[in-house]
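Single-structure report; data block below.
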């Protein structure tokens, strides 16, 4: 059973890569302006407040993703590289994978606040922590949400998680698969629009476990 | 006739100001309750239906400010003090400054040259109403409104054949796609792609769907009902960048010029219709 799931995962991955290869899209044509010059112009227009200097250090995965307007136009090698970088960066809670507290997860999912700062106002509090998930996803029934990301209503049900199989090894594997997406979305969907919440420390591993519980737990309103 | 119109607009403005200063639209840009949102939408729809745009008040403010700050000497590319249609051909290369400038950056340059402001004073002048909701009228917003409205009816015509402008366009395009910051966003996260998507209830325009970049930029400065003031393009960039979790945007920077050159370049051929109005 466990093997089956892993095999399915592998298959999906391989299928994705093959699809990208079949498209045979050329990497972006030669650039008229140098990358360094672009970044220099970009950074010249952003505050040099030392508290936020870390925000504009572009990492390798971001650099790769910046070169392609969409995933469909990425060559297979770039897709593989981003997946490889992203998978290596995933950290798990100190207890390993477990079903978190969906009520705590709901708070993080619901909150639109966190991380936004401007000296002229409209800033979040430094302690605000939220994923603003409804901006892009439909999640709970009846709650308005965006359409940029997939509809997550009854996500746990769709993964086949019930009260009876809650503690089975298969369920743990499913929790892990969803954990990986929330922690670092690019490990499954390279260059996705979804932020790499765990990788950047927006959420701790425990926060991510709680969010995953909100999506998957049979008692969560998502699966009602 | 003109006086009557202005008076009428002012009455509406005062009315709107009154509404906006009520508790429902308090000091922060916090998320609104559904009731507040409904009221706002109704107010917005009413203004649209009646053809009222309080943003036009800023035209007169700007007209006075241009005299006050000696900006009638300012050359937007068609000659000193020639403003009819001038905004429509911006951004362009200015030999006197040795660089490509968009409307707002050029006005900042002129404020330094003809009003004796330092760069710091200009930035303060620009951001006077940033972060404010209700009853904030800044002369800078007025100047930008006046100069843009003087191009109403003119088609955006950025000269992409000029190599300086073309280079800035290319830089702007690459910035548009640069993934950066702790939330991994770029401009294209929200404003690209052929599939139509919504962020909550807001439909997003896309650079990849024909005409939409033009529709988006040709109505700036855009009067925002929830703040009771017009939002200039550089304020719009600052707000996008705040939401992208990048460090704060510096108005009149080359970053602003690069974004303007790309966006207005994409918008070539679209008629300017300022001010727009939005929630």
note = Mean projected area, convex hull of alpha-carbon positions in the stretch B:125-279, reported to one decimal in nm², is 9.2 nm²
request  = Take chain A, connect every pair of alpha-carbon atoms lying under 10 Å apart with a spring to form a Gaussian network, then pick out the residue of A:124, A:59, A:101 with the largest mean-square fluctuation.
outcome  = A:59
message = Averaged over its residues, how many other protein chain Cβ atoms are within 10 Å of peptide B:195-208's Cβ atoms?
response = 3
query = Which whole-number percentage describes the relative contact order of chain B, with Cα contacts under 8 Å and a sequence gap of 6 or more?
reply = 24 percent
task = Work out how far the C-alpha atoms of chain A reach from end to end along every principal axis, then list the three figures in whole Å, largest first.
result = 59, 48, 35
inquiry  = At 25 °C and a viscosity of 0.890 mPa s, what translational diffusion coefficient does Stokes-Einstein give for chain B, taking Rh as the Kirkwood radius over Cα pairs? Give it in µm²/s as a whole number.
reply    = 127 µm²/s
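Over the stretch B:121-241, what is the relative contact order in percent, taking alpha-carbon pairs closer than 8 angstrom and at least six residues apart?
24 percent
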inquiry  = If the elastic network links every pair of Cα atoms under 10 Å, which of A:206, A:36, A:60 fluctuates the most in the Gaussian network model of chain A?
reply    = A:36
ask   = Distance from the Cα centre of the stretch A:135-203 to that of the stretch B:33-53, in angstrom?
value = 36 Å
inquiry  = Out of all DSSP beta bridges in the protein assembly as shown, what portion is antiparallel? Express it as a percent rounded to 5.
reply    = 80 percent
query = So what is the calculated 222 nm ellipticity per residue for chain A, using -39500 (n - 2.57) for each DSSP H run with n of 4 or more, over all residues, to the nearest 500 deg cm²/dmol?
reply = -12500 deg cm²/dmol
query = Just how far, in whole angstrom, is the stretch B:248-277 from the stretch B:85-146 if you go by their alpha carbon centroids?
reply = 13 Å
ask   = So between residue B:194 and residue B:113, what do we pick up on full extension, going 0.36 nm a residue minus the alpha carbon distance?
value = 24.8 nm
remark   = Across A:134-144, the residue-averaged tally of Cβ atoms belonging to other chains within 10 Å stands at 2
query = What shape does the stretch A:94-158 have by the C-alpha gyration tensor, where a ≥ b ≥ c are the square roots of the eigenvalues, rounded means a/c under 1.5, and otherwise prolate means a/b greater than b/c and oblate the rest?
reply = oblate
The stretch A:140-224 - Rg and Dmax from Cα coordinates, angstrom = 12.9, 36
message = Rounded to whole Å, give me the distance from the Cα center of the stretch A:37-96 to that of the stretch B:180-212.
response = 18 Å
remark   = Rounded to one decimal in Å, the inverse mean reciprocal Cα-Cα distance for the protein assembly as shown, i.e. its Kirkwood radius, is 24.6 Å
ask   = In peptide B:255-265, what is the residue-averaged number of other protein chain Cβ atoms found within 10 Å of each Cβ?
value = 2
Label point distance in nm, residue B:64-residue A:101, each placed 7 Å from Cα along Cα→Cβ = 5.8 nm
ask   = Counting pairs of alpha carbon atoms under 8 Å apart in space and at least six apart in sequence, what relative contact order in percent does chain A give?
value = 24 percent
task = Given the peptides A:138-145, B:269-276, arrange them by the average over their residues of other C-beta atoms within 10 Å, most packed first.
result = B:269-276, A:138-145
note = When chain A is treated as a Gaussian network with springs between alpha carbons less than 10 Å apart, the largest mean-square fluctuation among A:196, A:71, A:63 is found at A:63
task = Please report B:138, A:168 as a ranked list, fewest other C-beta atoms within 10 angstrom at the top and most at the bottom.
result = A:168, B:138
note = Computed on Cα atoms, Rg of the stretch B:63-174 relative to 2.2 N^0.38 Å comes out at 1.09
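Where a number appears in this text, it was derived from the coordinates with a stated rule and is not lab data. None of the values given here were measured: they were computed from a predicted structure. FYI the Cβ positions are ideal-geometry reconstructions off the backbone, even for glycines, and counts take in every protein chain you see.
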